[in-house]
Structure formats: structure tokens, C-alpha cells
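To start, the structure under review is shown below, and the notes come after it.
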Amino acid sequence: MPRSIYLPPLLPLVLLVAAPFLSNQAAAFVPTSTCSIDSASCVKRRSAAPALSSRSADSAGAATATSAAAAAAVEQTAASVTTLKKVLEREYISFFDPMEDSWYSPSVTFVDPMTELSGVDSYRNNVDMLAGRTLMGKILFEDAGINLYSVTGGEVCETAEGKVEIAEITTRWTLKVTASVLPWKPTARFTGISVYKVVPDASSSNGVQIVGQTDYWDSVNLQPNSGGQYQRVEKSLAIQDFLNQLKPGGPKAQAAAPELPYELLRRGDGYEVRRYPPYVGVRQPYKRRDEGFGSLGAFARGMDPLGPAIMFVENSDVSDKYMMWPLSYAMPGQEEAIAPQDAIEKAGDGQWRTMKIVSVPGPAVVAVRPFTDASMEPVVRNADRELRGLLERDGLVPKAGSEEMVRFAQYDAIFSMGQRRGEVWIELEEEGSGGGHPW
């Protein structure tokens, strides 16, 4: 273990206990399915067989019966896989309480970036500890949860040899867990995919069984310049990634306001991807950020504005710079946010004539790269260039037109002391738009 890592007395215990299950339990979302079936080896059955004048009626009848049986087997297996995917959804929503054991082979294997396990009992015991359902789990952890984004794959076909095969099922997820045993109670977050190997099983009442599961983390397993493919890496990289999330942080600058909520979709190497709800903000042009903070603070007094302050700087010397403060956001089930009535009445009138109420549609998927230096133009533009390079490396596509401006966020209060928190934001192309994100 590197000497540069400070390990408090209890940290090795957390790592020892958490390592076998942190990533195994992280199965809860889905990207593009990594199908192990060679489509060329699969045969598609036609509804009618070609005429075979050289064969006897009995032979033709036997062939037809065989074909019909094979087609029925494919159809039945496909139905079982559909049910299995719903089972996986239930397990993640309930955090594997209960775990539906009958869908797993007794000798099922689990592999993730930090460990390898075999057997359903080992998997279940680790999940229960992480979720705080065991005595040791109650001591070590709290607030564990998992979000499932998608379950894909599992296509069924018959090979040229007459065997029924099932493509791998892939889930995409986000896992979080707080190490309550440590005084500063750090929260570790993991995002990634789980790939399930599934086989037909005539002896099982379910018709199929999971025989293997391999987990990959976005932070360590994404293969550079591969279009978003994953690869196995040394366990030391995963352990380092975990430990870095448990280390105590230094003094941080005072936050200017409560933060606009978001859903973490990816914790990647050097950046995050988040989903923000629709929100309403007040926007004004500015020349100096301290003046912008002062004007917006005066306008939003009594409205409980949110952070961060979001700045928009176009790539033109003649364009205005804009600063926006979020005022409200759409709650679950709402399609758009509702602006505070007093903000609507004040904006654009008298001393507030430069203020404009802006409705930001959503949900929006945004890539974010942090920086801790002061938000000077060279710093911000360099962070924007770095983020675009990281997105290209990992196969994510910025939304068309995003290159025309730099959008960055400041969370800390103006002139505050301590470690600053700034970010550049780039919205991503939507799924299905040609190279769009997988969420």
C-alpha cells in the first residue's frame, strides 16, 4: 500500500470488510450489452420450410417437427430471460432484500475490480453487511443505496449447431455507502456496469440461471479511446480509488447556498456525469463576478436561492457574460419548475431591468470537471478543454453548439476562505441521437 496514503486505525478494517462486497453489490445499471453470441452462428427460422422433393414425407415431417421444437425452445427461453430482467430490477430496487436465489446457479461466480467470490451465500452475506442488515454492517456502514438505470441485452438465438444461446445481460448503476465507523463519515460512490452470463437450464423451474457476474467501475475500468468499452485492471487501482474516497478532506470554502439537487450517473476518471431536473433561475449580464453576486443577492433576498452560481461566457469578445442563480426546481412528477411569484414580478422592472427569469428544461445530462483554483478565464477555459478531451476519450459526445461558450459553476461564497469548488459544465447529446450518452 503506498506510503502516501494516511490510514487511520479503523480504515484498514473498513477496507478489509468492504472489499469483498463493495463492487459485487454495485450491480444496478446498464450500458450497451456486450453480447457474447456471434450473430453469424445463430440461425433464424422461417415460418415455412423450402420444398424438398428428394426427401420422403416422413423425413420432411421429422425435420419440421424438429424445427418447431427448436423454435419453441428459443421462444420459451426468451420469455424466461424477460422474467429474469424483471427479477434483477426488483433486486436492485429493494437492495437485494430479498435476493431471489433460485435464479442463480449454486456455484455462481462474482468478480469485480477488488475481489472475486463464488456461491450465492457469499454474495448474499456481503450484500446484507453493506446494507446494514448484519451486526457488523450496522457498525461499519450506513445510508447504503443503489440506483438502477437500465437492464439491457439477453437476446436469445439458436446456433447453427442447434443450441440455444443467451447474450449477456448488462445493468448500469450507481452505488453509494457511508463508512459510519470513521469519525468524518465519508461517503464512497461507485458507478458502472454489471455483466451477467446467463445459460438455459432445463432442470430449473425458471428455465435459465445466472452462472457469472462481472462488475466494472467507470472510474477505473473504462478503456481509453474505445468508445466506452470496459476492461479488467489491476486490483491495486481499484483499492486506491476506494481509499481516496475515504480520506478526510481539508477545510473547504463556505458554500454560497444549498445546492441544486442532481443524480450522479457516472464517477469517471477526472469528471462526473450528472442528471439535473428542470429548474428556474434568475439571470443577468455581468462584467465582474463580485458585482454579479452582489446584484443577484439583492434581487433574490428572501427567495431562498440555490447554488451554484452558473456563468455563461461566449467565445466572442463582443458578447456579454451572464450569471444565473437557480431559484427553484421541478419535484419528481413535475415536468417543469415553478418560478417564485415575487421573482416574476420584480424581474425586468426598475432597478431590476437587467434581470431575467429563465426556465431551464430538463432533465439534462451534464458532464462536469472540477477545479479548485480561482475562476479566472485561463483556468476555466483550460478545464473546459480538458473535459472535452476526457469525454472524447470515453466515447461521450458534447451537445451540438456547446463549443460556442464556456459554462462554469461556482459553489463557494464570494471572497470566502478555504478550498474553492468550481466546475465546468458541458451538456451531453441525448440517447439515440447518434453517439448519445447511455443514460
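The values are calculated or read from the model by the stated rules, or taken from the named source; none is laboratory data. Worth saying up front: this structure is predicted, and the values here are computed from it rather than measured. Positions of Cβ are generated from backbone atoms using ideal geometry, with glycine treated the same way; all protein chains shown enter the neighbour counts. These accessible areas exclude ligands, DNA and RNA; they are computed on the full protein's heavy atoms, side chains included. Shrake-Rupley method; radii C 1.70, N 1.55, O 1.52, S 1.80 Å.
Within the accessible area of the stretch 263-328, what % is carbon and sulfur when the probe is 1.4 Å and the other protein chains stay in place?
Working: 1110 of 2600 Å².
Carbon and sulfur atoms account for 43 percent of the accessible area of the stretch 263-328.
Can you give me the accessible area per residue for the stretch 272-405, using a 1.4 Å probe, in Å²? Before the final figure, lay out the partial values.
On the way: 7030 Å² over 134 residues.
Computed with neighbouring chains in place, this is 52 Å² per residue.
Expressed as a whole percentage, what fraction of the accessible surface of the stretch 67-150 belongs to carbon and sulfur atoms when a 1.4 Å probe is rolled over the protein heavy atoms?
Reported share for carbon and sulfur atoms: 53 percent.
Taking 7 Å steps out from each Cα toward its Cβ at Gln229 and Ser319 produces label points 3.7 nm apart. From the alpha carbon centroid of the stretch 279-340 to that of the stretch 179-232 is 39 Å. Only protein heavy atoms count here; under a 1.4 Å probe, Trp425 has an accessible surface of about 10 Å². A DSSP coil position with no more than 10 other Cβ atoms inside 10 Å describes the following GluC sites (Glu not before Pro) in the stretch 153-255: Glu161, Glu234.
Rank Thr354, Thr77 by accessible area, highest first, at a 1.4 Å probe radius?
Details: Thr354 70, Thr77 15 Å².
Largest accessible area first, the residues go Thr354, Thr77.
Projected label points at Ala72 and Ser102, each 7 Å from Cα along the beta carbon direction, are separated by 2.2 nanometres.
Using 1/(1 + (r/R0)^6) with R0 = 60 angstrom and r between the beta carbons of Met376 and Leu135, what's the FRET efficiency to the nearest 0.05?
0.70
Of the trypsin sites (Lys or Arg not before Pro) found in the stretch 276-325, those that fall in a DSSP loop while having at most 16 other beta-carbon atoms within 10 Å are Lys287, Arg288, Arg301.
Would you please put 405-411, 394-400, 328-334 in order of how densely packed they are, using the mean number of other Cβ atoms within 10 angstrom per residue and starting with the highest?
Details: 405-411: 20.6, 394-400: 18.3, 328-334: 13.0.
My ranking of the peptides, most packed first, is 405-411, 394-400, 328-334.
A DSSP coil position with no more than 14 other Cβ atoms inside 10 Å describes the following trypsin sites (Lys or Arg not before Pro) in the stretch 119-221: Lys163.
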